[in-house]
Amino acid sequence: QVQLVESGGGLAQAGGSLRLSCAASRSFSRINTMGWYRQAPGKQRDMVATITSGGITDYADSVKGRFIISRDNVGNTVYLQMNSLKPEDTAVYYCKGVGPVNDYWGQGTQVTVSS
């Protein structure tokens, strides 16, 4: 069983930056794609960014050019650098790992962007 623990959320002003981290309890070797998802109050959980074990990335249109996902396979950590934050980025951000059989989710970290 892989446990994912997010950190780095908090309060930022519009135009500011935050960096989220997601640490896995064990090796990423059984996880191919890692990703960040977010869920705002009353809305569904949506993909923000994903990265494969080979470093191929994908982003939601709403964050392209502002967010960067990266992955440290040695340290078993995936990051989300969030720049030029907007109030509409306010949500709970979840880390997800896609394994060969199971998907793994972190507990979420709150990001609040004030205008």
Q) If you roll a 1.4 Å probe over the heavy atoms of the protein chains, what accessible area per residue do you get for the chain, in Å²? A) 52
Q) Between MET47 and ALA60, what length comes free when the chain is fully extended (0.36 nm per residue of separation minus the Cα-Cα distance, one decimal in nm)? A) 4.0 nm
Q: Please check which bits of segment 15-59 a label hung off GLN107 would reach, taking the label as a point 7 Å along Cα-to-C-beta and the cut-off as backbone N under 18 Å.
A: 20-26, 37, 39
Q: Could you grab the relative contact order for the chain? Cα pairs under 8 Å, six or more apart, rounded to a whole percent.
A: 37
Q | For segment 52-115, average projected area of the Cα convex hull in nm² | A | 5.2
(Q) For LYS96, give me every one of the lysines with a C-alpha distance below 17 angstrom, ignoring sequence neighbours fewer than eight places off in its own chain. (A) none
Q: Please list, or write none, the aspartates and glutamates whose alpha carbon is within less than 16 Å of the alpha carbon of LYS43, excluding same-chain residues fewer than 8 places away.
A: GLU88, ASP89
Q: Can you send over the solvent-accessible area of ARG45, 1.4 Å probe, protein chains only, in Å² to the nearest 10?
A: 90
Q | Length-normalised contact order for segment 49-94 - Cα pairs under 8 Å, 6+ apart - percent | A | 27
Q. Using bins 10 angstrom wide from zero, how does P(r) for the chain break down, in % of all Cα pairs?
A. 15, 50, 28, 6, 0
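The values are calculated or read from the model by the stated rules, or taken from the named source; none is laboratory data. What you are looking at is a predicted structure, and each value in this text was computed from that prediction instead of being measured. Positions of Cβ are generated from backbone atoms using ideal geometry, with glycine treated the same way; all protein chains shown enter the neighbour counts. Heavy atoms of the whole protein, side chains included, go into the accessibility calculation; ligands, DNA and RNA do not. Shrake-Rupley method; radii C 1.70, N 1.55, O 1.52, S 1.80 Å.
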